[in-house]
1. Could you go through region A:228-248 and let me know if any residue there is surrounded by 14 or more Cβ atoms within 10 Å (Cβ to Cβ), part of a loop (DSSP other than H, G, I, E, B), away from chain B (no Cβ under 14 Å) and at pLDDT below 95.
2. For region A:268-357, which fully contained helices (runs of 4 or more DSSP H) count at least 1 residues that are closer than 29 Å to residue A:408 by Cα, within 9 Å of chain B (Cβ to nearest Cβ) and free of Cβ contacts under 8 Å to residues at least 60 places away in the same chain?
3. Go through region B:13-59 residue by residue and tally those that are more than 7 Å from chain A (Cβ to nearest Cβ) and modelled with pLDDT under 95.
4. Check region A:389-409 and report whether any residue there is touching a strand residue (DSSP E or B) at 6+ places or on another chain (Cβ under 9 Å) and surrounded by fewer than 19 Cβ atoms within 10 Å (Cβ to Cβ).
5. Can you name the condition, by its number, that residue A:277 falls short on among (1) touching a strand residue (DSSP E or B) at 6+ places or on another chain (Cβ under 9 Å); (2) surrounded by 16 or more Cβ atoms within 10 Å (Cβ to Cβ)?
6. Can you confirm whether residue A:220 is part of a helix (DSSP H, G or I) and either buried (at least 20 other Cβ atoms within 10 Å of the Cβ) or within 14 Å of chain B (Cβ to nearest Cβ) (or both)?
7. Taking into account only those residues within region A:249-267 that are within 19 Å of residue A:433 (Cα to Cα) and in a strand (DSSP E or B), which is nearest to the other protein chains (Cβ to nearest Cβ)?
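The values are calculated or read from the model by the stated rules, or taken from the named source; none is laboratory data. Bear in mind that the values here come from a model prediction, so they are computed numbers and not experimental data. Quick reminder, even Gly has a Cβ in these numbers, built from the backbone with ideal geometry, and neighbours come from all protein chains shown.
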């Protein structure tokens, strides 16, 4: 039974469709793993055990009677606890929402269910997806941060308690935890995945994202999640390509733009050496590597991002913060206060800089298939009071372009390294195909040492 | 406030923090306000073309 939880979502979905694997058995395996592992990992905020088993039984019958509902038929997934789930508590890691049970599900959650996915429950996140840590621990080393804000999702996927998770990124909330936990993390373009029915951090930055065990699984999930939603004014109406077909169809080596400036200045020595090794490996497999300069001063981009996120977050929380300031964690409280004193002119200047950055970046990205950088300046830092450094992931969220973490190895202490690839706006198909090629060339398959249960 | 030196920006942020949150909290926030002022100053130095409009992230 153990092998079931080690398959990818794509392979598992194929087995389910052909009748070789029961969704009920699969859900039972995942629930058993959660029961065994989650006392120490604390990746799950809520587990909907009965509902998940009922859905699995219904999907098993449906498959026999009418065939598969969609490409994720019978696949157990997790949902970050900022997405509304009808009838299931959505707490966003906050005392303020501890009793909040939405009456409807977010559009993205509905898309997963309509594709046949089984929502096992809600994954833990930092408070309101900001900076006060979740209780989650890193499955590679319990004394190290799993990153954030999608802390539980990354740990849940790494620990094989589910196959895919639905997440959000405002700065580095998907890619950083993905890197720290050795899983694939995809942040598509801003507007690609509906955010209708999510608790926001910063409206003009929040982007739906995905964590999975492989690039192929991320592509499969994106195909289900992408698409226009009239309920979300930021949602793009661009057509959704065949992501899985594109990545399988590409075999020629990509052209990658390596950005050293800013990244190599801030990465520690072992991350710099690791990135050099990754680049050499990709080059020897046939990739063309071009050294590129960042299209803007990324320190300035960081300052601009902070002006936007602080201001918008303060605006969202203004009323509640006035009424119940004591119910906010210290880091979020400070973020809101700093937002309240940020001048409107600075906010507008930040948004103007954002436009210029996006335009310059388009020029850079027109010359390559993807930019390549380390995802984080270090592997997961020790301690659980912080969630790590967002500076390496944040510029691409600010520009609204897609980015993906590809696990690329382990350091000497057994913690995962991640490599970040960045693509052109709404060119997720090209980015995923590039990431798939790199994943194959690197041939890294990571599983944390969890004192494995036998299922 | 915009267009000032780092020190002027810090003082302006601190004044506002005192007004909104009181002296004690403003004192606690001082290191973060200084960091914010540094970032806002950096943003002030960005030479943006006069025609550059703010990003509109809501796609039609």
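1. So far as region A:228-248 goes, no, none of its residues is surrounded by 14 or more Cβ atoms within 10 Å (Cβ to Cβ), part of a loop (DSSP other than H, G, I, E, B), away from chain B (no Cβ under 14 Å) and at pLDDT below 95.
2. A:298-323
3. 7
4. yes
5. Going through the list (1) touching a strand residue (DSSP E or B) at 6+ places or on another chain (Cβ under 9 Å); (2) surrounded by 16 or more Cβ atoms within 10 Å (Cβ to Cβ), residue A:277 breaks only (2).
6. Judged against the criteria, residue A:220 is a match.
7. For region A:249-267, the residue satisfying everything is A:257.
Yes or no, residue by residue, for (1) within 27 Å of residue A:219 (Cα to Cα); (2) crowded, with 23+ Cβ neighbours inside 10 Å; (3) in contact (Cβ under 8 Å) with a residue 12 or more places away in the chain:
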site: A:37; (1), (2), (3): no, yes, yes
site: A:60; (1), (2), (3): yes, no, yes
site: A:76; (1), (2), (3): yes, yes, yes
site: A:91; (1), (2), (3): no, no, yes
site: A:105; (1), (2), (3): yes, no, yes
site: A:126; (1), (2), (3): yes, yes, yes
site: A:133; (1), (2), (3): no, yes, yes
